Amino acid sequence: CKKLGYDVTNEFIAFPKNFKEAHDRVADLVEEKREQLEEQKQAAIRQEIASMYEGLQEQYGWSNKKFCIAAPHSANEIITEGQTLHHCVGTYLERVAEGESIILFLRQNENPDTPFYTIEVRGFNIIQCRGKCNTPMTPAVKAVTERYQQEVLDKLKIASQKGDTLCVIGLRKPVLAV
């Protein structure tokens, strides 16, 4: 009753004629409110992730002759990545929206729309890079991520340390080195 803002000092509320019926009705209302709040939260997360795309792509996008690294356009794209590769990146949406992690997609240039590996960046470091069914990096993928670390992430870190403005557009808080 308190969660719904009911006056529990009111005898009609505190001592209903049919307690079980009143309890069940209030429990249903509490569940409906919880679901509504969760839907609003998820909508805000999805909107935040979508608003981050351009800034992330501008600063974190990269390619060479065989591979490219790109930011996701949307929360749905992150979820689809996890479903396709059978790993848990889809559960990272809140972390991404809050600026705690950046999710990037490693693609083969010959198949840019096909999930290959997923990269998680925190601060200016690759925390993990996983392929299908959470497989670790192959030697070729490891070489690509090491090059990416040097060519993109290390440069962003140095620029940040020099005091250059490096707040990614769309993030609620600046991405800082950990």
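Brief remarks on what is shown
- Computed over the Cα atoms of the chain, pair by distinct pair, the Kirkwood hydrodynamic radius stands at 18.7 angstrom.
- Sparse packing (at most 10 other Cβ atoms within 10 Å of the Cβ) combined with a DSSP loop state is found for the following trypsin sites (Lys or Arg not before Pro) in region 92-166: Lys162.
- Under 30 Å from the Cα of Lys142 - lysines, other chains or at least 8 residues apart: Lys65, Lys66, Lys132, Lys155, Lys157, Lys162, Lys173
- Projected label points at His23 and Gln47, each 7 Å from Cα along the beta carbon direction, are separated by 3.9 nanometres.
- Per DSSP, loop trypsin sites (Lys or Arg not before Pro) in region 1-38 with at most 10 further Cβ within 10 Å: Lys17
- Centre separation in Å (Cα based) which lies between region 26-45 and region 63-137: 29
- Accessible surface of the chain [probe 1.4 Å, protein heavy atoms]: carbon and sulfur percent: 53
- Histogrammed with a bin width of 5 Å, the alpha carbon distances of region 49-92 distribute as 5, 22, 22, 23, 20, 7, 0 percent, first bin at zero.
- At most 10 other Cβ within 10 Å, DSSP loop - GluC sites (Glu not before Pro), region 50-123: Glu110
- Dividing the summed helix terms, -39500 (n - 2.57) for each DSSP H run of n ≥ 4, by the number of residues in the chain produces a 222 nm estimate of -14500 deg cm²/dmol to the nearest 500.
- Taking amide H positions as modeled 1.01 Å from N, with prolines and chain starts lacking one, the residues under 5 Å from Trp62 and 5 or more places away or on another chain are Ile69.
- Bridgeable lysines around Lys3 (alpha carbons under 27 Å apart, same-chain partners fewer than 8 residues away excluded): Lys17, Lys20, Lys33, Lys41.
- Each 5 Å bin from zero holds the following percent of Cα-Cα pairs in region 64-158: 3, 14, 26, 27, 20, 10, 1, 0.
The values are calculated or read from the model by the stated rules, or taken from the named source; none is laboratory data. For clarity, every value in this text was computed on a predicted model and none was experimentally measured. For neighbour counting, all protein chains shown are included, and Cβ atoms are generated from backbone atoms with ideal geometry for every residue, glycine included. Heads up: the accessible areas ignore ligands, DNA and RNA and are worked out on the full protein's heavy atoms, side chains in. Shrake-Rupley method; radii C 1.70, N 1.55, O 1.52, S 1.80 Å.
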